[in-house]
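> Mind looking over this structure? Questions follow.
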Amino acid sequence: MAILFKAVPALAQEVVGQPSPWHIGLQPSVTPVADQMHHFHGLLLWIITLITAFVLVLLIYVMLRFRASANPVPSKTSHHTLVEVVWTVVPILILIVIAVPSFKLLYYGDKSPDAQLTIKAIGHQWYWSYEYPDNGNFTFDSNIVQEADLKPGQPRLLTTDNVVVVPVNTDVRMLVTAADVIHSWAMPAFGVKKDGVPGRLNETWFRVEREGTYYGQCSELCGQLHGFMPIEVKAVSKEAYAKWVEEAKKQFASLDGESSSPRLADARNAQ
């Protein structure tokens, strides 16, 4: 009871875009794909709850009705056509109820036919690099901010030095790949988790409908520092995004060979 009372105040405060103490359930969704995932999760929760309750009632009934003291002469029945038909047909119907929205969700979250912005994420051991081909073709690396360098309000193990910025209410095509081993670009609040495979370009999409800062992590076991390559995405208004793009063009390296960032320029020249 003490644990429950302690958890109640925290549950009343919605924290968006990152995990929070005593959080129960999925992170609040901020994209249409995540909304549908949450609805599907709710459907599955109802189905599995009803199945569990039915099995529990059935077990209790069998234990009471067919215990040795109440049933000294056991039945020798080996087949029951109606029961066999029911336990075959009912699971099939349940699977159909699950499959229909499941396939709809898979196709809906696969890719956006009318993406307004494309961003490419490349996984490295152990950091992410991003390319913006539609907005000046610049690129930058995104590394974890060490605990000693964190500022007030920045979450540990989730904050990065360079943030991915996207405009709200914009269909963003996310291309994901990797330079060395398999990584996974995962953002719980977006309902996105896409593997980055070396030599392969995978695609997903999202449309953030709420301004804010959102956090994720690499969700594939990619080596020693797997737990230290976070993802930080900042969703801003379209006007603020346009201003950020102009600043980013000056700050970060260009894939066309131009750069005002000495660190990135040196790295690109070395390659």
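The values are calculated or read from the model by the stated rules, or taken from the named source; none is laboratory data. Everything quoted here is computed from the prediction, not taken from an experiment. Note that we place each Cβ from the backbone using ideal geometry, even for glycine, and neighbour counts take in every protein chain shown.
> Determine whether region 241-260 contains at least one residue that is closer than 26 Å to P19 by Cα, more than 16 Å from the chain's Cα centre (by Cα) and modelled with pLDDT of 95 or more. Steps first, please.
Looking only at region 241-260, we keep the residues that are closer than 26 Å to P19 by Cα, and these are 241.
If we keep only those that are more than 16 Å from the chain's Cα centre (by Cα) as well, we get 241.
Those left that are additionally modelled with pLDDT of 95 or more: 241.
Within region 241-260, one or more residues are closer than 26 Å to P19 by Cα, more than 16 Å from the chain's Cα centre (by Cα) and modelled with pLDDT of 95 or more.
> Take I144 and decide whether it is buried (at least 19 other Cβ atoms within 10 Å of the Cβ), at pLDDT 95 or above, β-branched (V, I, T) and within 25 Å of H38 (Cα to Cα). Can you show your working first?
On the way: buried (at least 19 other Cβ atoms within 10 Å of the Cβ): yes; at pLDDT 95 or above: yes; β-branched (V, I, T): yes; within 25 Å of H38 (Cα to Cα): no.
No; evaluated as a whole, the condition is false for this residue.
> Show me the strands (runs of 3 or more DSSP E) found entirely inside region 176-228 where at least 3 residues are in the same structural domain as D161 (by TED's automatic domain parsing), over 17 Å from V163 (Cα atoms) and not charged (D, E, K, R).
It comes to 202-206.
> Okay, next question. Of the residues that make up region 124-131, is at least one out of contact with any Cys (no Cβ under 7 Å at 6 or more places or on another chain), farther than 23 Å from L221 by Cβ and in the same structural domain as F252 (by TED's automatic domain parsing)?
yes
> Being surrounded by 11 or more Cβ atoms within 10 Å (Cβ to Cβ), modelled with pLDDT under 85 and assigned to a helix (DSSP H, G or I), is that true of even one residue in region 9-18? Steps first, please.
First pass over region 9-18, keeping only residues surrounded by 11 or more Cβ atoms within 10 Å (Cβ to Cβ): 10-11, 15-18.
Add one more test, that the residue is modelled with pLDDT under 85, and what stays is 10-11, 15-16.
Now drop any that are not assigned to a helix (DSSP H, G or I), which leaves 10-11.
Yes, there is a match, as at least one residue in region 9-18 is surrounded by 11 or more Cβ atoms within 10 Å (Cβ to Cβ), modelled with pLDDT under 85 and assigned to a helix (DSSP H, G or I).
For (1) touching a strand residue (DSSP E or B) at 6+ places or on another chain (Cβ under 6 Å); (2) part of a strand (DSSP E or B), each residue gets a yes or a no:
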| site | (1), (2) |
| --- | --- |
| Y107 | no, no |
| K111 | yes, no |
| A115 | yes, no |
| I122 | yes, yes |
| N169 | no, no |
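> Which residue pairs have Cβ atoms under 8 Å apart, sit 6 or more places apart or on different chains, and have a first residue in region 176-201 that is on the phi > 0 side of the Ramachandran plot and a second that is charged (D, E, K, R)?
Close Cβ pairs (under 8 Å, with a partner that is charged (D, E, K, R)) amount to G191/D35.
> Same structure again: More than 17 Å from M187 (Cα to Cα), among the β-branched types (V, I, T) and assigned to a strand (DSSP E or B), is that true of T139?
Working: more than 17 Å from M187 (Cα to Cα): yes; among the β-branched types (V, I, T): yes; assigned to a strand (DSSP E or B): yes.
Answer is yes for this residue.
> OK, next. Report whether or not Y107 is over 20 Å from P167 (Cα atoms) and either in contact with a Cys (Cβ under 9 Å, 6 or more places away or on another chain) or not small (G, A, S) (or both).
yes
> Every residue in region 48-80 that is part of a loop (DSSP other than H, G, I, E, B) and under 30 Å from I98 (Cβ atoms), please.
The first filter runs over region 48-80 and keeps only residues part of a loop (DSSP other than H, G, I, E, B), leaving 66-80.
The answer is H79, H80.
> Return a yes/no flag: does region 99-119 have any residue that is closer than 30 Å to Q224 by Cβ, under 20 Å from the mean Cα position of the chain (by Cα), touching a residue at least 12 places away in the same chain (Cβ under 8 Å) and surrounded by 15 or more Cβ atoms within 10 Å (Cβ to Cβ).
We begin by selecting, within region 99-119, every residue closer than 30 Å to Q224 by Cβ; these are 119.
In the following step, the residues that additionally are under 20 Å from the mean Cα position of the chain (by Cα) were identified as 119.
Checking the rest, the ones that are also touching a residue at least 12 places away in the same chain (Cβ under 8 Å) come to 119.
Still in the running and surrounded by 15 or more Cβ atoms within 10 Å (Cβ to Cβ): 119.
Taking every residue of region 99-119 in turn, at least one turns out to be closer than 30 Å to Q224 by Cβ, under 20 Å from the mean Cα position of the chain (by Cα), touching a residue at least 12 places away in the same chain (Cβ under 8 Å) and surrounded by 15 or more Cβ atoms within 10 Å (Cβ to Cβ).
> If you scan region 22-70, which residues turn out to be surrounded by 11 or more Cβ atoms within 10 Å (Cβ to Cβ) and at positive phi?
Passing the criteria: only W22.
> Is it the case, given these coordinates, that W87 is at positive phi and not assigned by TED's automatic domain parsing to the domain that holds V166? If you could, list the steps in order and put the result at the bottom.
On the way: at positive phi: no; not assigned by TED's automatic domain parsing to the domain that holds V166: yes.
Taking the combined requirement at face value, the residue does not satisfy it.
> Which of the residues spanning region 196-208 are within 14 Å of G109 (Cβ to Cβ), out of contact with any helix residue (DSSP H, G or I) (no Cβ under 9 Å at 6 or more places or on another chain) and buried (at least 17 other Cβ atoms within 10 Å of the Cβ)? First the steps, then the outcome.
So the first thing to find is which residues in region 196-208 are within 14 Å of G109 (Cβ to Cβ), and the list is 202-207.
Right, trim to out of contact with any helix residue (DSSP H, G or I) (no Cβ under 9 Å at 6 or more places or on another chain) and you get 202-203.
N202, the sole residue that qualifies.
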